[in-house]
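What follows is calculated from the coordinates using simple rules that are stated; it is not laboratory data. All figures in this text were calculated on a predicted structure; none of them were measured in a lab. FYI the Cβ positions are ideal-geometry reconstructions off the backbone, even for glycines, and counts take in every protein chain you see.
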Amino acid sequence: MSRVLLFGRLRDLAGWRERQIEPSPRTLAELRARLAHEDKALGEALAHPSVRIAVDQQIAVGEVVLGEASEIAFMPPMSGG
Amino acid sequence: MSRVLLFGRLRDLAGWRERQIEPSPRTLAELRARLAHEDKALGEALAHPSVRIAVDQQIAVGEVVLGEASEIAFMPPMSGG
Amino acid sequence: MAVRLQDEPFDPAALLAGFGKGPETGAVVSFSGVCRAEGGTLEALELEAYPGFTDREIGEMAEAARKRFDLHDLLIVHRTGRIAPGEAIVFVATAAAHRREAFEAADQLMDYLKSRAPFWKKAHGADGGRWIEPRLEDYEDAARWDAPQERPV
Amino acid sequence: MAVRLQDEPFDPAALLAGFGKGPETGAVVSFSGVCRAEGGTLEALELEAYPGFTDREIGEMAEAARKRFDLHDLLIVHRTGRIAPGEAIVFVATAAAHRREAFEAADQLMDYLKSRAPFWKKAHGADGGRWIEPRLEDYEDAARWDAPQERPV
């Protein structure tokens, strides 16, 4: 099982902030495809190059094998405090 | 009557901080001469180019006719706070 | 050195009261960022953090600043959640032997916090809410501290 | 806006508590300059001002900074007389809409106060007292804010 977190406007767009995904996706691409399948607008927003991804709280770049990852966060541009 | 004020190390050197001078000196040069006459070391210290002079709380430059001036301050380099 | 994220309001003066009391500390700088009323158009700011991730990122920047500026003490407190006009959003305090280090550390940390720290900010007004991003000048301020970039020849 | 010289000790946190509460104030910077223990070699600092002259000069600099940086509020409190290690010497607080103005105003005013304000300072230690003058870097810090000099061609 994986936990997916959305922040900022992605959260408003999706209508949720946190979800459990089962079974765990094996790759980031698989996770993206499953989310886009349910919600096309969200899938497009998540694919925007300004969106950064953290896997188990570490910034991930490019395509990622999730392995045992339990937490995947999608972060739109940060606004600062 | 004029009031003479010394600050910082000039005060320590002279051994006083404030004095009444009577009759009032007509010029800064006359005041310097009278102070130097009494205390040669102080006279020399007051003549050092680093010492700034305020006449009635306004910075004075060069030779000054004191006129009705009531307060003459000799200020060594300021240390800041 | 401490970094705290909290939903509860805080009082900058109370935070300053206990800060930077080392015997060789000669300079203490504090910065308080406060939610502006925006002429009455703002009802509240909403600040979202990524717990665990946001505090760790800020903690790393804080530790780098502590070393770089030889700080004696450093405190960062940042609100999250819903913040009303007049309430403090962020407090940064730095203590050092001399003022240059204390000023530059606080200035640099604020530039980081305002433009690059992992927060998402929503302004709530009469017309609903909108997510806001850093102003261009926030990026420019933060870039003042970057090392010069290598250029390809 | 207020400028105060006083012989009595003061508490920077208490001064910050009532400062900069305007509805459009987004940034409050405070600087506290504290008397360092100097490894126990310093018994006290003695700060002399020229009453009337010193406050007027500081007041003029404060007013210039208020205008230049569009400050919402400004407070300067400076100790005079005998100051023990650990006691605050000077407190400067600035309030503005945005942080850049608040930081630069506080920084500039401190550079002025530390190098050009009319104070005379004596350090009292076990070996007696000695009058001290600004460090070279204090002059350099203050000169950062000067207008470029005209050069003869």
Can you pull the Kirkwood radius for the protein assembly as shown, inverse mean 1/r over Cα pairs, to one decimal in Å? 25.6
From the label point of D:P51, set 7 Å along Cα to the beta carbon, how far off in nm is each other copy's matching point, shortest first? 5.8
Taking the label point 7 Å from Cα along the Cα-Cβ vector, the copy-to-copy distances for B:D12, listed from shortest in nm with one decimal, are 6.6
Please work out the C-alpha center-to-center distance from segment A:5-20 to segment D:89-139 and express it in whole Å. 50
Under unit Cβ charges (Lys, Arg +1; Asp, Glu -1), what dipole magnitude, rounded to 20 debye, does segment A:2-75 have relative to its Cα centre? 180
Dimensionless Rg/Rh of segment D:1-54, both radii on Cα and Rh by Kirkwood, sits at 1.05
Would you mind checking the radius of gyration and Dmax of chain D based on alpha-carbon positions, in Å? 16.4, 53
Gyration tensor over alpha-carbon atoms, segment A:1-43, equivalent ellipsoid semi-axes in Å: 17, 12, 8
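Mean Kyte-Doolittle hydropathy of 0.0 or higher plus an axial Cα length of 30 Å or more: which whole DSSP H helices in chain D meet both?
Numbers: long enough: none.
TM-like helix candidates: nothing returned.
Using alpha-carbon pairs under 8 Å, 6+ residues apart, how would you state the relative contact order of segment A:2-75 in percent?
41
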Run through the other copies and list how far each one's label point is from that of D:E38, in nm with one decimal, shortest first; the point sits 7 Å from Cα along Cα-Cβ. 5.1
Name the chain B residue nearest the rotation axis between B and A, going by Cβ position, and give the distance in whole Å. B:G81, 17
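Would you mind working out the magnitude of the charge dipole of segment D:84-134 relative to its Cα centre, with +1 at each Lys and Arg C-beta and -1 at each Asp and Glu C-beta, to the nearest 20 Debye?
With only Lys, Arg, Asp and Glu charged at Cβ, the dipole is about 80 debye.
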Quick calc, the protein assembly as shown, dipole around Cα centre from Cβ unit charges on Lys, Arg (+) and Asp, Glu (-), nearest 20 debye, gives 100
Positive end of the charge dipole of segment C:6-54 (Lys, Arg +1 and Asp, Glu -1 on Cβ, about the Cα centre): tell me which of C:C35, C:G20, C:P9 has its Cα farthest that way. C:G20
Would you mind giving the average projected area, over all directions, of the Cα convex hull of segment B:2-75 in nm² with one decimal? 4.2
Once the Cα gyration tensor of segment C:48-95 is diagonalised, what are the square roots of 5 times its eigenvalues, in whole Å and ordered largest first, as equivalent ellipsoid semi-axes? 23, 15, 5
